[in-house]
Structures are given as C-alpha cells and as structure tokens.
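Below: the structure, in structure tokens.
Rule-based calculations on the coordinates, nothing more; no lab input. All values reported here derive from a predicted model rather than from experimental measurement. Note: ideal-geometry Cβ built from the backbone for every residue, glycine included; neighbour counts use all protein chains shown.
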Amino acid sequence: MKITLTIFSFLVTTTLYAQQRDAGLQLWYNKPAVAWEAALPLGNGKTGAMVFGGVGTERLQLNDNTLWSGYPEAGNNPNGPTVLPQVRQAVFEGDYEKAAALWKKIQGPYSARYLPMADLWWRLQSKDTLPASYNRNLDLNNAVATVRYKIGNVQYQRETFISYPAKVLVMRITADKKGSIDGVLDLTSKLHFKVSTSTADYLVLRGKAPKFVANRDYEPQQVIYDSANGEGMNFEVHVKIKTEGGNVVQAGNQLRVSGANTVTIYLSEATSFNGFNKSPGLEGKDPAVEAKANLQKAVALSYEQLKAMHIRDYQSLFKRVELKLSADNGVAKLPTDERLKQYASNPTDQQLQVLYYQFGRYLLISSSRPGSRPANLQGIWNDHVQPPWGSNYTTNINTEMNYWLAENTNLSECHQPLFDFLKELAVNGAQTAKVNYNITEGWVVHHNSDLWAKTSPPGGFDWDPKGMPRWSCWPMAGAWLSTHIWEHYLYTGDKAFLKNAWPLMKGAAQFMLHWLVTDPANGLLVTNPSTSPENTMKIKGKEYQVGMATTMDMSIIRELFTAVIKSGSILKTDKAFCEQVIKAKEKLYPFHIGQYGQLQEWFKDWDDPNDKHRHLSHLFGLYPGSQINPATTPALAAAAKQSLIFRGDVSTGWSMAWKINWWARLQDGNHAYKILSDAFTYIDPTVTRDAMSGGGTYPNLFDAHPPFQIDGNFGATAGITELLLQSHNGELALLPALPDAWKSGSIKGIKARGNFTVAMDWKEGKLVKATITSGSGGLCRISALQPIKEVEVTSNKSKGNNMNPLNTSYGQPPYEKEPKATLTELKVGERYGIDFVTEKGKTYTIVPVN
Ligand code: FUC
C-alpha cells in the first residue's frame, strides 16, 4: 500500500472549550445510593462530597483534603546508622533472613490516616420510598450532581456542585409548585463534634480529629483523642441556608424549612492544618476564619452566578479532551450500574468505556487542583475513621499512578499538588536520610506518606505473618516521584518549572549516589538492602524479603539518573555533579533475562513462573519508565512480555490498570483491551470481598481494589490514552496499540512529550488524519504503524521527502536537532515516520492517503 503524508500548517484557532453537552457523559441511576460506593463524588481538590440522592433523606458525606489524624511525627530511627551496615553485610553474605530481621530495627510508625469530616443531612417530610420518576445523575460535562423525582404532582430537583474558584459546596433545591419545600437540615460527624446555630439560617459544626488511629485491622477503640495537650486537628463546617418563600427556624441544633419555593444551601469548611511541620492543635490556624470568609464571599453571589463560575472553571480543564468510539450498542439507555452489570456478557459497550475514561479525568480535576493536597489512595473521598491502608499516600505505586494521566490527558495543572508535596517530602526526607542512614546529601521517601509528609520507613501491621520489610525496606519513592518533574517538563516545555524543581531532582539523585554500594563480587553499583515491593523471592522453596539490586530499584535509579543528566544539560547547571551521575549510571547493575525468558525481578534468577503477585515492579522500565521498548530493546521487551504472561491478567484494580499500560507499551492493544474489560467487572459494594480477590468497578464507577482505591481509575485512563498515543521513545507514535474492537473513533486534545497537542481520527483500524499543535516549537517526529512509502511535506519550515527510519532513538523531546532528509525502508517492525520542524502555536495536519 502506498500512503502519502501531507503536512501543512495553519494558525491555531483558539477554541478554549466546546460548549455543547455530550449526553453520553453522564453517570445516572434510577434509585438512590444505599452503599457509599454507589453515591456520586463531587470535589474541588479541597472539599469532597458523596451525594446519595435519597428521597426521604438526602445525605452528603463530606471530606476536607487536610483532615487527617495525627501531627508531624517523623518516625526516624537513630538505630539506622548502626544497623544498616549489618543489614548490608548479611545481604552480601546471602543471609537474607537475618537481613530482614535486622531491618525491622530501623522501622518507624505507620502513617497518619485520612479522615471523614462530616455528613450533611437534608431530611424531608416525604417517605423514603422510591417515586416512579426518580433519576439521579452526575454530569461530567459540568460537574453537577442532580436528583429529580416527582411526588404527587410536585416535581422536585436538587442540584449540587463544589466550586473551585468560590471554595464552597452549593446545593439548590427547587420544586415546580410554590411553597412545597419542607425539610430539616442537620450536620453530624464520625469524629468528636458539636453543632450550634448562631442565627436561624446558620449552622456550625466544630470538630476534633484523633491524634492517633490504628490501622484498619485493629478494633475501633484504637482511635485516640487527646484533649490534654491539644494534639489532633480542629475543623469547622459552616452552612448557610437561603430560601425563597416560606421560612427557616432553629430547631435545637437543626434548621427547619417550611413552605419554601427554593432552598439554597451553601457549605464551607476548614481545618486547623497550618503546614506539614506544625502541630495542628498547638500551632494550628483557626478554622473558623477561613470557613466563614469563604462562605461570606459565596453567599453574596447568586446561585446562577456561582454555577456559571463553577462550570467555566471546570470546563476549562475537562473540555480539552474528547474521545469518541463507535456508536452505542443499545445499552446506553440503561442506568450506569445496569450497564456495568451487563458488561461482562456484553463487552462491546464502548460508550461505557468512554464514560469511564472521562470519569478518570473528572476525578483528577475534582481531587487535585493547584493549592490542594495531592490525591490520596481514595482521592479525597473517604467515609471511614479507619480507612483501608489509612487512605494515605502509598508511594510504591499508588500515589504515582494517580498522576499518570495528568500530562497525557491534558490536565497538567492538576499535577501541581504533587510537586508542592515533593518540596515538603524533600525537607523531611533529608532528615530521614541523615538520622536513619547518616546520608547528609539529598532526601529519601519510603513506601508510605501522609499529610505530615512522613518519609521514614513505615512499620505497623505487625499481624502480617510475612512481616514488614517487604514493603518498608524501600527507600525509592523520592527517586520515582522526582521523575514526575521531568515528565511534566517534557509535556509542557516549561523550563522555569524545571529550573525551580531542579534542586528536588538533584537531591533525590544525591541520596541515590550515597545509597548505592559497590557489589564486591562484580564491581557494579547495587542497592543493598533492596526489595521488589511487597513480593518475596523464593529460593529453594523458602521465601525471603530483603536482598539486593532488585530490577525495580535499578530501573528507578536509571530513569532518575537519565532525567537528571538531561535536565542538567538543558539547564546548563551542576556540571561536576552531573558527570558523577553519568559515571554512576554506567555502572548500575543491568537488566537480566532469566531462565524462563522472563525479565528477572531479582538480583539472581529466582523468579517463580507461577507467581501471581499483583506487583510486577520489575517492569518499571517498560512503563512508566522508558528503558524498554519493542523497537529499541526488543529482547528486553520480549522478556517483559513473558513476565506479564506468567503473572496473568486478573488482579487488584491498580494492578490491572498498570497491566493495561504495559500491554499498550508492548503494542498489544488487544491484550490491553481484554484487561480493560476485566476491570469492568461489576463489584457489588454490599458484599464483603477479600482485598486480593480481583478488582473491578463499583456502581459509581469507582475502582475496586477491592476496597475502593482511586489509582485504578487513574491508571486505566492513562492506559487508554497510551493505546492511542505514545511519546516516550523520541517520537509521537500515532495509534501504536489500537485494539481491534476500536475500529473507528477519534480523540482530540491529548498531549505528547515535546508539548504537542494531538487529535486523531481513525476508521477500520487505520489512521485517517492527525493534527498536531506545537506548544513550544521544535522538531516533531511522527511514527505510525501504517506503511509509508512516500512523504510530502508542505510545512513552511520542513524539507520535502524526509521520511526517516525510526529504528533508532535519538533522544527525548523537545527535539533540538535538525531533521534528517533520507528516505529509507524500515527494518524494525512496521513503523514508519517523518520528522518536521514545528513553529510554536501552529497546527500541522497529517493525512495518510491510500
Ligand atoms: C500496596 C498494595 C496494595 C494496596 C496498598 C494501598 O500495599 O500492595 O495492593 O494497593 O498499597
């Protein structure tokens, strides 16, 4: 087949966001939520709410992103510098059991817990029976949750949203007959609280968080409040109610509305959190000041003004990306939970896939905005005082996965809270490095963190028969998280950002230079002690936790060092330091392919082909790293594939999401699609399931680990994007792993490294057209799987006939070199491509012609 690429440029027309509403982008239900995992999430990064949509009683379960248990507690362990050399010696001598036992002496406490704040109850006079015309929905077009039903001849409606610019939650209750709204408003909390009413239209809940909450496997009495010295956070929820018609009176600690035409409820909240290093009890802020100020500003605006402001803000992010797949297959008219239940027998519901994809983007916009904390294990939505894993920052995969979609789905701004967090982690992590390891340069983070930016190795969970080192002995999170800085730069071309964040990356690499040791056996640099997160190595039938130079450790360090070397050269800074990193990188213990053709997870070939563990950390280099590629490292890619095949497809939610990304990178869209379908397994929230029993999706489309964990949502959205566009290998690969099932479709507004914004249309599995908008100018290299024999370039700056072989990688974007101008048949795979020079702000159209 002969295809001609025609490239031409035109000035970008700046359509900020499309105004039209996409009817498919709604989660909707024909009954109220009973389980929390059926309620609908709203959020502005700071405030979170789950809307249940009851008829007799509406419940809004509320969170604030800064409401955590505890206080700054480093948990560093001064035994470290004495014990660490003993651990290392034991490992070098092959006594892995002793190494693990010794390691336990260095551990500190587990993290603090993310807590539920309060519940708002709107109790109506109607019975809690289901009216015939009931509908509740969450419209992803505008981030508004709506409940509608008819009782008698009155049509009722409630609309709720949480505004990022106005920092308030607003609920508007209307009816189509005057004077028909009666109800009682009430606030409660699962934490210590008191409610008071200052005026007839104002409610305040004052609460106190515990200073300690034990992990989820302890009894509820393991929640400790401290009144003596004020440890533990204070918080306040303020509610003001406005009515048209009727009246509002105080009734005890509740507000009673009768005979109103409309009711508008404004809610704001704040905590005494005053920074990661200040006691929230003793040095905290007065939450009343912030809560009152936000509320006062908001109530001065009309409901319509607030709603318009909210939608404008939300759509400026959400509407950047549009995904279209084939027309619906008839089930789109069903409620979302019904569609999900049908999915197993009908995995062709591509509209549900689109909804799920955009829901991932919606969740990031709602849980991570500039100024907020980063999204935790549950984003910002949590109803448990003892949430699973503390709803903390689990940094050996979960926190990072939360941000995989930030750049490629064009939500770069939502990445910011993670970078703010890194600054705090670097402060605490420098202390941990010093106290625990006597390393005085750089910073370290272990496998758990929290609001207090904890960086020490977490103990806890003593009940686990396998012990703790297999997760706590993992000082790699600072390095992994720092690669996000580099990724953000690659996608945005923001040099000022890179410069500003350079000390963080440098610090993470400095720690690693000190952490690495020379293996006396081969002279290479290795990590010791080392784990492959949460997995164990099986040697002669026995399991061990702690060894050396796991593939994940070495891959993370290699990825970080590469980013540091490139950043240093872009910023023209720290030459001597970068040279040290270059030298160290050359001596890193390399990848190995094991006896079963698998990518070796461990230092030696101890992999068990029957191992089904959910973590496949050794594939870090395939994704999110960019060290393993079918085109440039085919043998390693084949080994990674073998490892994936051994582990199987079905696992916990986040594990399946990671697998989607891996199969995408291996360019096997069909396998990725199969796992995406597995992830749509309906999980009934009313049935208790074992946490490792296999993931799926709850009625509200939250990912089920189980239990609910948000990483699976984010990871799957990132993976769907990765099926359509990849840019980690020095080129923009268009439709690199399109599943057969997605015969025709289009995507707009996704991003590639080099600061390119991409739109594509495809039919019958073939690219029809792509447009690339260049955000920073520079060279753009395109590759496609379709054979290209001839290329015609009409861009003003590009040379004609300049198709290149793509079997060599020539660095990461942003591209600085001139394009080559040779026309050559490709040797590797069937990738064909073109280089062209772009101008900042211009859009280029690529039309393959058959
Ligand atoms: C890690 C994972 C678990 C879970 C927890 C929050 O420990 O191994 O599956 O996701 O984090």
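The table that follows gives values for the structure above.
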item: Value of [θ]222 nm, deg cm²/dmol, for the chain, DSSP H segments ≥ 4, -39500 (n - 2.57) each, nearest 500; result: -8500 deg cm²/dmol
item: Burial order of peptide ranges 375-384, 646-655 (average beta-carbon count within 10 Å, highest first); result: 375-384, 646-655
item: Within-13-Å neighbourhood charge of S567 [Cβ basis; K, R +1; D, E -1]; result: +2
item: Pairs from K341/K743; K434/K566; K167/K240; K167/K285; K434/K506; K208/K285 whose Cα-Cα separation, in the structure shown, is over 19 Å; result: K341/K743; K434/K566
item: Residue (of L616, M692, G754) at the positive-pole extreme of the chain, dipole from beta-carbon charges; result: G754
item: Backbone HN-Hα couplings from phi across the range 753-770 [Karplus 6.51/-1.76/1.60, Hz, Gly and Pro as x]; result: 4, x, 6, 9, 10, 10, 10, 9, 10, 9, 9, 6, x, 10, 5, 9, 6, 9
item: Cα-centred dipole magnitude for the range 347-485, charges only on beta-carbon of K, R (+1) and D, E (-1), debye, nearest 20; result: 160 debye
item: Debye, to nearest 20: dipole size of the chain, +1 on Lys, Arg Cβ, -1 on Asp, Glu Cβ; result: 1340 debye
item: Rounded to whole Hz, the Karplus (6.51, -1.76, 1.60) HN-Hα couplings of the range 718-729, x for glycine and proline; result: 4, x, 4, 5, 5, 5, 9, 8, 10, 8, 7, 10
item: Segment A635-S316, length gained on full extension (0.36 nm per residue, minus Cα span); result: 110.5 nm
item: Simple Cβ-charge dipole of the range 347-729, Lys/Arg +1 and Asp/Glu -1, about Cα centre, in debye nearest 20; result: 780 debye
item: Peptides 304-313, 232-241, 128-137 ordered by average Cβ neighbours within 10 Å, highest first; result: 232-241, 304-313, 128-137
item: Virtual spin-label span in nm between E543 and A308, 7 Å along Cα→Cβ; result: 6.1 nm
item: Antiparallel bridge percentage (DSSP; both residues within the range 347-729; nearest 5); result: 85 percent
item: Spatially proximal aspartates and glutamates relative to K324 (Cα-Cα < 19 Å; intrachain offsets below 8 disregarded); result: D22, D139, D349, E722, D740, D761, E764
item: Separation between Cα centres of the range 172-218 and the range 729-788, rounded to whole Å; result: 49 Å
item: Options W103, S456, A718, ranked by Cα towards positive dipole end of the chain, top entry (Cβ charges); result: A718
item: Distance violations [Cα-Cα > 19 Å] among K604/K659; K46/K292; K612/K659; K105/K587; result: K604/K659; K105/K587
item: Euclidean distance of C-alpha centroids, the range 596-650 and the range 58-136, integer Å; result: 29 Å
item: Distance (nanometres) between label positions extended 7 Å along Cα→Cβ at T129 and N247; result: 3.2 nm
item: Rough spin-label spacing in nm, given labels placed 7 Å along Cα→Cβ, for W28 and T188; result: 3.2 nm
item: FRET efficiency, N277 to Q580 (Cβ-Cβ, R0 35 Å, nearest 0.05); result: 0.70
item: Given charges at Cβ of Lys, Arg, Asp, Glu: the chain dipole, positive-most of L42, T633, I660; result: L42
item: Order of F419, F511, F836 - criterion: other Cβ atoms within 10 Å of each residue's Cβ, fewest first; result: F419, F836, F511
item: Average Cα contact separation per residue, the chain, under 8 Å, 6 or more apart, as relative contact order %; result: 14 percent
item: Contour minus Cα-Cα distance for A101 and K297 (0.36 nm per residue); result: 64.9 nm
